[in-house]
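Each value in this text was obtained by applying a stated rule to the coordinates, not by laboratory testing. Quantities reported herein were computed from a predicted structural model and do not represent experimental measurements. All Cβ positions, even for glycine, are placed from backbone atoms using ideal geometry, and neighbour counts span all protein chains on display.
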Amino acid sequence: MDGRGESETPDFDDPALDARRARWTAALTGAVLALAGVAAAALRAGGSEPVLVPAAYAVGAALCALASVLGSRGRTRRALWLLVVGAMVMALGDQFD
């Protein structure tokens, strides 16, 4: 034996730890995508693109921000789908450019 106790080994089967990781992942991913969407909307708003392009980025950013809030509250499945929809809206807005 190497002298390590039972408490020092990581517990990979802990559902509470998995849920906490899922909440953090959803919240942080939503926040990063929301910030990226807001930055893209601000950059595109000053250009000569149609108004639909920055609006799509802003709507996608709002969806990702909502996903971040839902993810932090434990609604990780709904947050995942909102992240997907928000990213798709932003990608669709990029296609109108």
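Remark: C-alpha extents of segment 15-95 on the principal axes read 50, 16, 14 Å, sorted largest to smallest. The listed peptides 87-95, 64-72, ordered by packing as a protection proxy, come out as 64-72, 87-95 (highest mean of other Cβ atoms within 10 Å first).
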